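Take a look at the structure set out below.
What follows draws every value from the coordinates through simple rules; no lab data is involved. A quick note: this is a predicted structure, and the numbers were derived from the prediction, not measured. Positions of Cβ are backbone-derived with ideal geometry, glycine not excepted, and every protein chain shown enters the neighbour counts.
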């Protein structure tokens, strides 16, 4: 693999969840396209992008900062999921699955950040 981040399990998992968020938002109402749909997709993308950006050619201290950005973006995704659930855009079982998946991802990011 050409880039360091491609080997990171946390980046791979974040990519998988990013795909799941993309599929999920295809069912959101059209009036949410530039609001909640955009927000949750940008946050999910940000998790992936910050892991990649921080891991490549950066110092350990800078990588930790970018992992912090990833953590905050993951929390933003979870908050958006709560909003989507409240507005009845997603089913409870979809919410629960993604909630637990992001909880696990946050633990992975935190563990990586603490290991640096």
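For the stretch 67-90, check the following and say yes or no: at least one residue is in a helix (DSSP H, G or I), at negative phi, without any contact (Cβ under 8 Å) to a residue 24 or more places away in the chain and crowded, with 19+ Cβ neighbours inside 10 Å.
No, the conditions are met nowhere in the stretch 67-90.
Would you say residue 95 is more than 23 Å from residue 2 (Cβ to Cβ) and in contact (Cβ under 8 Å) with a residue 60 or more places away in the chain?
So residue 95 does not fit the description; no.
Exactly one condition in (1) closer than 22 Å to residue 3 by Cβ; (2) more than 13 Å from the chain's Cα centre (by Cα); (3) part of a helix (DSSP H, G or I) is not met by residue 57; state its number.
Residue 57 satisfies every listed condition except (3).
Pairs please, first residue from the stretch 6-32 and touching a residue at least 24 places away in the same chain (Cβ under 8 Å), second anywhere and crowded, with 16+ Cβ neighbours inside 10 Å and not in a helix (DSSP H, G or I), Cβ atoms under 8 Å, 6+ apart in sequence or on different chains.
24/90; 27/89; 27/90; 28/89; 29/89; 32/89
Looking at 43, 111, which one is assigned to a helix (DSSP H, G or I) and more than 11 Å from the chain's Cα centre (by Cα)?
Matching residue, one of 43, 111: 111.
Which residue is surrounded by the fewest Cβ atoms within 10 Å (Cβ to Cβ), if the candidates are limited to the stretch 14-35 and must be in contact with a helix residue (DSSP H, G or I) (Cβ under 6 Å, 6 or more places away or on another chain) and more than 18 Å from residue 69 (Cα to Cα)?
28
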